[in-house]
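Take a look at the structure set out below.
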Amino acid sequence: SLPLCRNLLQEVMFEGGDDSPYARVMRGHSSLSQLLAELERGCRARAGAALPDTFSVARAFEGMVAEGSVNVPLLRAAVELRANGFKTGVLTNNWVDDGAGRLFTATLLGVLRRHFDVVIESCRAGLRKPELALYSHALQALRAQPHEVIFLDDVGENLKPARAMGMATVLVRDTEAALRELQELSGVQAGAGLLGQKEPLPTACDPDSVSHGYVAIRPGVQLHFVEMGHGPVVCLCHGFPESWLSWRYQVRRRSGWATRGTPRSPRGAPSCLAQLPALADAGFRVIALEMKGYGDSAAPPGERPPRGRPRREPGDVFPGIAQAVLVGHDWGGAVVWNMALFYPERVRAVASLNTPYRPADPDVDIVERMSRVPAFDYQFYFQEPGVAEAELERDVGRTLRLLIRSASKEDRLPSSPGFHGVRERGGLLVGFPADAPASRILAGPALHYYVQQFTKSGFRGPLNWYRNMRRNWRWALLAKDRKILMPALMVTAGKDPVLRPAMAQGMEEWIPHLSRGHIEECGHWTQMERPAELNRILLEWLEKLPASPAPPKLCRL
């Protein structure tokens with residue numbers, strides 16, 4: 001019977017205490033799909049033939065989750081408190097959702113992030129309630145002292161650490177009683193008060209149809225993007241040393257730039273490059289990012305690579321959007337693979353150009369592994385802050401003309417030492433022609449815009465992407481046993497001198513729903529070198545994706 005199956009499921013889920021399947025998934029040590037597979041094995045091992053033929057952990061789990069609900073009056077109270085000057089936060093025990101229903105999770109978290117100052121998920125923090133360290137982490141995120149905090153939870157055990165630290169606590173069993181207690185503790189009587197508020201939660205308005213915009217991803221840091229078209233979201237992430245403009249051939253010329261309906265030329269962008277995406281013409285809403293540290297997305301002057309575990313929040317990549325198709329090239333490819341691993345609920349599908357996926361290997365230090373590949377020597381040259389910056393910024397136009405060239409015979413340089421032995425010869429550009437000829441894939445207004453953006457931001461931000469090897473590796477080890485389960489696409493280029501097609505062999509082991517595309521006569525700069533072939537591959541893949549489900553009703557709160 002269903003109650004017996006549920007009891008069995010709960011026994012298996014919580015068996016092992018602090019190392020139970022439940023504890024591991026809540027800390028992000030496993031994903032939802034891994035949890036369901038583990039529970040299926042555990043239930044069958046324990047009950048054997050006693051289980052009915054129709055038993056399914058996934059189905060039983062879906063039923064339990066469906067019985068959950070969102071406490072809308074409490075959410076409305078949080079909005080009222082925030083309007084009265086309170087900082088608000090959510091501390092939630094939840095898993096990395098890579099299941100079929102992950103859009104619901106993404107939408108719910110999107111609602112929470114719009115209405116709360118801080119949202120801390122146990123699976124991202126590596127800690128779960130009621131572990132004391134998680135509460136300390138929350139206090140630090142809110143920049144609050146324990147005596148300033150009112151902590152609400154519907155599980156009494158989760159209130160104990162908060163109470164021990166000196167926070168006021170409210171056990172939520174009856175919502176109206178909890179709201180009455182919250183109103184008394186907070187002293188908020190504004191408007192209709194916390195009990196009388198009947199209006200639904202306000203929703204953030206969607207931006208008007210814009211082609212050029214900015215969004216703050218944290219204090220002092222903004223992300224620059226270009227957005228065009230309507231329909232399912234496709235987010236494009238570029239690599240090094242590039243710009244959102246590297247996607248210009250997935251972009252067609254049409255009308256002028258516009259921000260909230262006002263035509264303008266953004267910060268010197270050439271008018272001949274004011275275009276709408278080819279993907280937008282096919283019915284997609286396309287967001288081309290200027291990645292952090294580049295151009296108008298530049299990090300603050302004093303910022304260094306972060307200490308400890310690197311955390312690239314999903315809002316850094318496509319803010320305000322529950323779910324998107326991600327397409328990345330070079331470093332952008334690494335970003336989108338990691339988004340699919342760590343934030344699968346935000347990713348409808350994922351595609352990478354040139355950059356393959358391999359899970360982190362705990363047995364081989366990443367620096368040691370990279371040092372074995374001669375073509376990666378330039379990345380070790382990039383490690384010392386200030387050295388590569390001085391060389392690449394000396395003449396930005398020459399740097400870009402030398403580095404961004406196609407693999408065609410007509411675009412080859414008379415002398416090109418490549419990426420081997422960079423440290424030995426004393427610089428990345430040492431041995432290249434002093435007077436760099438024009439590049440066939442980056443010239444004229446496009447080159448001018450690139451030069452303008454790199455002159456503005458410099459190369460420190462872009463180079464810092466290479467200065468996190470070990471930290472990125474240690475972070476990736478957290479997901480070394482996960483698989484990427486959403487639809488995926490890997491596009492290889494036959495003439496890429498660094499990211500060779502052979503590196504992408506065997507990816508199906510970790511990405512079971514992988515499609516492939518290959519362009520033989522193409523070097524590293526795929527979206528600029530072979531735009532027609534790439535557009536065909538992308539559109540054919542996008543058109544075969546399962547239809548996006550209707551947005552959950554939750555988004556109407």
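General remarks:
- Ratio Rg/Rh, restricted to region 67-186 and using Cα atoms, in which Rh is the Kirkwood radius: 0.94
- Straight-line cross-link reach from Lys495 at under 25 Å between alpha-carbon atoms covers these lysines, not counting any fewer than eight positions away in the same chain: Lys409.
- Looking at region 366-465, the accessible area is 47 square angstrom per residue; that uses a 1.4 Å probe and ignores ligands, DNA and RNA.
- Quotient of C-alpha Rg and 2.2 N^0.38 Å, computed over region 418-528: 1.38
- For region 366-465, relative contact order (Cα pairs under 8 Å, six or more residues apart, normalised by length) works out to 38 percent.
- Extents of region 1-148, largest first, come to 58, 28, 23 Å (Cα atoms, principal axes, whole angstrom).
- Exceeding the 20 Å Cα-Cα cut-off - candidates Lys87/Lys292; Lys292/Lys456; Lys129/Lys480: Lys87/Lys292; Lys129/Lys480
- Per-pair calculated FRET efficiency, R0 = 51 Å: Ala133 and His513 via Cβ, rounded to 0.05: 0.90
- Inter-label distance, nm, simple model (7 Å from Cα along the C-beta direction), Ser408/Arg44: 5.6 nm
- Charge dipole (region 472-543, unit charges on Cβ, about Cα centre) - positive-most of Trp473, Ala504, Thr492: Trp473
- Convex hull of region 1-49 built on C-alpha atoms - directionally averaged projected area, nm²: 3.4 nm²
- Loop-located GluC sites (Glu not before Pro) in region 58-154 (DSSP state other than H, G, I, E, B) with a sparse environment of at most 11 neighbouring Cβ atoms within 10 Å: Glu67.
- Cα shape, region 366-465, gyration tensor, a/c 1.5 rule: oblate
- Inter-probe distance in nm under a simple model that places probes 7 Å from Cα toward Cβ, at Asp117 and Val364: 4.7 nm
- Chain lengthening between Arg372 and Arg163 when straightened (0.36 nm per residue, less Cα-Cα): 69.9 nm
- Accessible area of region 409-551 belonging to carbon and sulfur atoms, whole % at 1.4 Å probe: 55 percent
- Peptides ranked, highest mean first, by Cβ atoms within 10 Å: ranges 283-292, 20-29, 442-451: 283-292, 20-29, 442-451
The values are calculated or read from the model by the stated rules, or taken from the named source; none is laboratory data. Everything quoted here is computed from the prediction, not taken from an experiment. A quick note on method: Cβ atoms are made from the backbone with ideal geometry, for glycine too, and the neighbour counts reach across all protein chains shown. For accessibility, only protein heavy atoms count, side chains too; no ligands or nucleic acids. Shrake-Rupley method; radii C 1.70, N 1.55, O 1.52, S 1.80 Å.
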